[in-house]
Amino acid sequence: MNRGERLRVFSGRAHPQLARDICAHMGAPLGEALIEDFPDGEFNLKVECDVRGADVFVVQPTCPPVHDNLFELLSFIDCLRRASAEKITAVIPYFGYARKDRKDEGRVPINAKLVANLITEAGANRVLAVDLHAAQIQGFFDIPVDHLYARSVLMEKVRELGAVNPIVVSPDVGGTKLARAYAKELKADLAIVDKRRVSGNHTVVENVVGDVRDRDVVLVDDMISTGGSISNAARIVKEKGANRVFIVATHAVLCGDAVAKLDDCPAETILCTDTIPLRAEGPKRLVQASVAPLLARAIDRIHRSESVSSLFEPSARDQDDR
Ligand code: R5P
């Protein structure tokens, strides 16, 4: 097997467009696999080419429908292991259940750890992920995890927004490190919204720590799920006298009525990446930046056993503490 044949990229059904874009950047064909559903909700998977001894990458964000996408990833890994692939890397641009990373009360599971166990047990040798909600999730795996920072992709578009006298705002205390990393690059100040989560899909904002008056606000978060946190944050900074508001987030989960919330909120632009496929009706003011070139470079480096962290400035890891 020559080098080209030893490297194979496959896609589950979660985000085939991203897998195709990654392959286009790598100048490599996307591996063929047949996935067919059965009437009872089960499915069958068949990889259509030889993978014996190959270095295989499976692209599958575990975005909604989380359980379908996760099980498909597990099944793909199992299939490749049984087909004697030499190395299997699970490329998970968005890692679902990441917010369930600790026991924050009694008698609750740690689903992020459970998912890590399942992926490892299925037979993955390595994980490649983008902006994990909490960097410590890397430690849930006993296999190597390469963690990529979407900031390297988003920053260019953030600069194009042309924010005047900008201040970077985190919509909650947990996101401070990520927001600070953006603030440092923009040479901007930092403010924090005082957010309280009332339930899984309801948050309330009470105040802004920092002065946003007459400033253009760049609101930064790792993900937009129901859109509650970010749209409330946009509203409160406006109430506190901000000029323009721009939203920047890596993962556009956009569940429930998130699109309506974003369309109604006072942000001029919502800048996200394509770690998750966009719903047919995305927010009106959405701008997307692709992580495909970044993932392609990382896959190439992993295949060549070269450093992945050297894709980033040392300061990129500033965002890793949560
Ligand atoms: C919280 O820790 C996250 O960084 C996001 O702020 C949050 O998960 C977004 O959720 P939602 O859009 O449902 O408010």
*For the modelled label position 7 Å from the Cα of ARG52 along Cα-to-Cβ, which residues of segment 74-92 have backbone nitrogen atoms closer than 18 Å?*
79-88
*Normalising by the residue count of segment 232-317, find the relative contact order in percent from Cα pairs under 8 Å and 6+ residues apart.*
23 percent
_List the residues, sorted by chain then number, that are 5 or more residues from ASP274 or on another chain and whose placed amide H is less than 5 Å from its amide H._
ALA289, VAL291
*For segment 151-289, give the magnitude of the charge dipole about the Cα centre (Cβ charges: +1 Lys/Arg, -1 Asp/Glu; no others), in debye to the nearest 20.*
200 debye
*Tell me, what HN-Hα J-couplings in whole Hz come from the Karplus equation 6.51 cos²θ - 1.76 cosθ + 1.60 at θ = phi - 60° for each residue of segment 258-272, using x for Gly and Pro?*
4, 4, 4, 4, 5, 5, 7, 7, x, 7, 6, 9, 10, 9, 9
*Put +1 on the Cβ of each Lys and Arg and -1 on the Cβ of each Asp and Glu in segment 26-149; which of GLY106, CYS63, ILE92 then has its Cα farthest toward the positive end of the dipole?*
GLY106
*If you put +1 on each Lys and Arg Cβ and -1 on each Asp and Glu Cβ, how big is the dipole of the chain around its Cα centre, in Debye rounded to 20?*
580 debye
_12 Å cut-off, amide nitrogen to a point 7 angstrom out along ARG197 Cα→Cβ, residues in segment 88-111_ = 97-105, 111
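Given the Cα-Cα distance of ARG301 and LYS187 and 0.36 nm per residue of separation, how much length would full extension add, in nm?
37.9 nm
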*Spatial separation of Cα centroids for segment 1-53 and segment 121-191, in angstrom*: 28 Å
*For segment 151-289, report the accessible area per residue in Å² (1.4 Å probe, heavy atoms, rounded to an integer).*
42 Å²
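On a 1.4 Å probe surface of the protein chains, which of LYS284, LYS103 comes out largest in accessible area, and what is the full order?
The ordering from most to least exposed comes out as LYS284, LYS103.
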*Given H placed on each backbone N at 1.01 Å, which residues far from LEU148 in sequence or on other chains put an amide H within less than 5 Å of it?*
ALA129, VAL130, ASP131
*Mind checking which of VAL208, VAL287, THR275 is farthest towards the positive end of segment 151-289's charge dipole, using Cβ charges of +1 (Lys, Arg) and -1 (Asp, Glu) about the Cα centre?*
VAL208
*Cα-centred dipole magnitude for segment 52-156, charges only on beta-carbon of K, R (+1) and D, E (-1), debye, nearest 20*: 220 debye
*First compute the accessible area of the chain with a 1.4 Å probe, then give the percent of it belonging to carbon and sulfur atoms.*
47 percent
*Pull up the cross-link candidates among the lysines for LYS46, meaning alpha carbon to alpha carbon under 26 Å and not fewer than 8 places away within one chain.*
LYS87
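The values are calculated or read from the model by the stated rules, or taken from the named source; none is laboratory data. Because the structure is a prediction, the values reported are computed rather than measured. Neighbour counts run over all protein chains shown; Cβ positions are idealised from the backbone, glycine included. The protein model used for the area step is the full one, side chains on, heavy atoms only, and it has no ligands, DNA or RNA in it. Shrake-Rupley method; radii C 1.70, N 1.55, O 1.52, S 1.80 Å.
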